[in-house]
Amino acid sequence: MLNVDLAFQKLVGLVRPIGETERLVIADAVGRIAADPVTAPIDLPPFDSSAMDGYAVDATNLDSVAHFEVVDESLAGRPATHALSTPGKAIRVFTGAVMPKGANAVVLQEDVAKHGNTITTTEPIHRNQHVRQRGHDVHRGAVLCRPGTRLSHFHLTWFAACGIEEVTVSRRIRVGVFSTGDELAERGTPLKPGQIYDSNRFAIISLLREKAAETFDLGCLPDDPDVIANALRDASLDMDLLLTSGGVSVGDADFVKEAVERVGSMEFWNIALKPGKPLAIGTVGKSLFFGLPGNPVSTLVTYLLFVAPTIDRLGGQQPMAPLTLTAVLEGGVKHTAGRREYLRGTLRSTDDRPTVAPTGDQGSNRLATLAGANCLIVVNEARHNIEDGELVEVMVLPDEGAHLVVDQERALP
Ligand code: AMP
Ligand code: MG
């Protein structure tokens with residue numbers, strides 16, 4: 001059996017970024033991988049502006065009590081027409097408005113006494129107070145993101161603020177998804193004796209929506225090595241990545257590795273991983289191939305650990321270690337050293353360290369305990385049983401990681 005880290009290293013050795021790009025408007029670029037550096041075309045903000053509602057003044061040589069005559073106003077998008085050319089004048093300003101010429105500080109409106117057209121200040125006024133300097137967020141020409149950055153909503157918002165309309169990104173990775181198994185039925189049809197519904201193909205296609213991928217549902221293959229080999233060879237002509245599920249363990253009807261050997265080559269399989277031991281990785285033509293295990297939880301775990309980062313890497317994304325947390329284990333888990341195990345768990349924040357508890361039966365067919373989980377508890381291959389109260393490493397599952405989660409138990413009255 002191949003250790004998980006070693007398997008991942010071998011996989012990284014097989015992955016070459018596709019290096020093909022396209023131009024997209026930023027509205028279509030969320031989740032895509034930048035292929036060129038993006039630089040700021042302007043200073044941001046583009047002019048000195050007021051950070052508050054108040055009065056723009058010249059802070060040079062003022063007495064502790066100062067009187068000003070208000071001679072003009074500057075609103076956001078409607079600059080003042082006058083400059084402050086003589087001492088003792090002020091210009092009414094609002095948040096985001098251009099600082100009038102000759103002004104270098106803003107006095108808050110709540111800090112002045114107003115009599116008709118005159119204001120009086122009693123607090124010291126410092127140069128640059130409540131002024132946003134031109135370019136203080138970013139200077140023209142600064143790098144906003146490097147090639148290989150996955151573009152988040154927040155990067156793209158920054159680009160929008162700089163007036164950037166288009167970016168160059170890697171083209172989507174073309175992923176063909178098959179399931180295999182004579183027992184599999186399509187949703188919406190009644191089950192015949194011995195059949196189960198195909199959930200793996202659905203699961204993978206659904207997760208692929210989060211990726212910079214173009215997904216092709218290539219259907220379900222029978223347990224027949226000829227049919228599987230032909231289907232993989234045909235699909236490899238168009239795809240960067242081929243995924244199957246099922247048929248990679250050691251049963252009599254497990255033909256996938258054999259089929260891959262006929263039309264491509266198997267690189268490695270049998271990984272010291274639980275769930276997901278039968279995961280098999282190879283190539284067919286110019287496509288990378290993943291034979292994911294058939295048990296639904298094994299499919300999902302191997303997808304998250306191996307397939308998802310491969311898609312990122314094919315798109316040229318900089319490799320990133322998964323974000324993990326340390327949590328206090330509630331309840332203890334049984335584990336025999338040998339394989340790295342990923343247990344479905346519920347992570348909760350507390351006033352102290354976060355806690356995590358397994359969601360129940362960890363059988364690799366049990367979707368109930370996956371649907372109820374928000375994380376995977378990582379149990380290293382060298383570990384034995386872990387006791388209640390010990391610290392464990394936890395990987396947050398994608399949905400939870402992507403959103404700010406409101407603790408509903410606390411939020412409810
Ligand atoms: P296999 O490795 O093909 O023997 O599959 C292992 C287990 O996973 C068997 O119980 C299969 O019925 C089940 N399985 C395989 N493929 C799927 C699928 N696409 N959806 C749901 N269960 C599956
Ligand atoms: Mg099967």
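The values are calculated or read from the model by the stated rules, or taken from the named source; none is laboratory data. This one's a predicted model, so the numbers in the text were calculated from it and none came from an experiment. Cβ placement follows ideal geometry from the backbone for every residue including glycine, while neighbour counts extend to all protein chains displayed. All accessible areas refer to the heavy atoms of the entire protein, side chains included, with ligands and DNA or RNA removed. Shrake-Rupley method; radii C 1.70, N 1.55, O 1.52, S 1.80 Å.
The figures follow:
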item: Leading residue by the ranking (farthest from residue 248 (Cα to Cα)) among those in segment 165-200 that are more than 13 Å from ligand 2 (Cβ to nearest atom) and of a type in the set (D, E, K, R); result: 165
item: Lone qualifier among 34, 76, 27, 7 - being over 30 Å from residue 283 (Cα atoms), surrounded by 13 or more Cβ atoms within 10 Å (Cβ to Cβ) and not acidic (Asp, Glu); result: 76
item: Index of the failed condition, residue 120 passing every other in (1) buried (at least 20 other Cβ atoms within 10 Å of the Cβ); (2) assigned to a strand (DSSP E or B); result: (1)
item: Residue within segment 318-332 that is among the small types (Gly, Ala, Ser), open to solvent by 80 Å² or more (accessible area, probe 1.4 Å) and closer than 28 Å to residue 9 by Cα present; result: yes
item: Number of positions in segment 293-308 that are away from ligand 2 (no atom under 15 Å from the Cβ), surrounded by 24 or more Cβ atoms within 10 Å (Cβ to Cβ) and under 10 Å from residue 365 (Cα atoms); result: 0
item: Neighbours by Cβ (under 8 Å, 6+ apart or cross-chain): first from segment 178-200, more than 10 Å from ligand 1 (Cβ to nearest atom); second in a helix (DSSP H, G or I); result: 187/202
item: Residues of segment 200-223 classified as more than 30 Å from residue 151 (Cα to Cα) and either in a strand (DSSP E or B) or out of contact with any strand residue (DSSP E or B) (no Cβ under 9 Å at 6 or more places or on another chain) (or both), total; result: 3
item: Positions within segment 229-284 being under 30 Å from residue 361 (Cα atoms), within 16 Å of ligand 2 (Cβ to nearest atom) and of a type in the set (Val, Ile, Thr), in sequence order; result: 244, 248, 250, 256
item: Some residue of segment 39-59 being acidic (Asp, Glu) and within 32 Å of the chain's Cα centre (by Cα); result: yes
item: Of residues in segment 151-177 being basic (Lys, Arg) and either within 16 Å of ligand 1 (Cβ to nearest atom) or assigned to a loop (DSSP other than H, G, I, E, B) (or both), the one most open to solvent (accessible area, probe 1.4 Å); result: 172
item: Filter result for residue 141 (loosely packed, with under 13 Cβ neighbours inside 10 Å, in a loop (DSSP other than H, G, I, E, B) and in contact (Cβ under 8 Å) with a residue 40 or more places away in the chain); result: yes
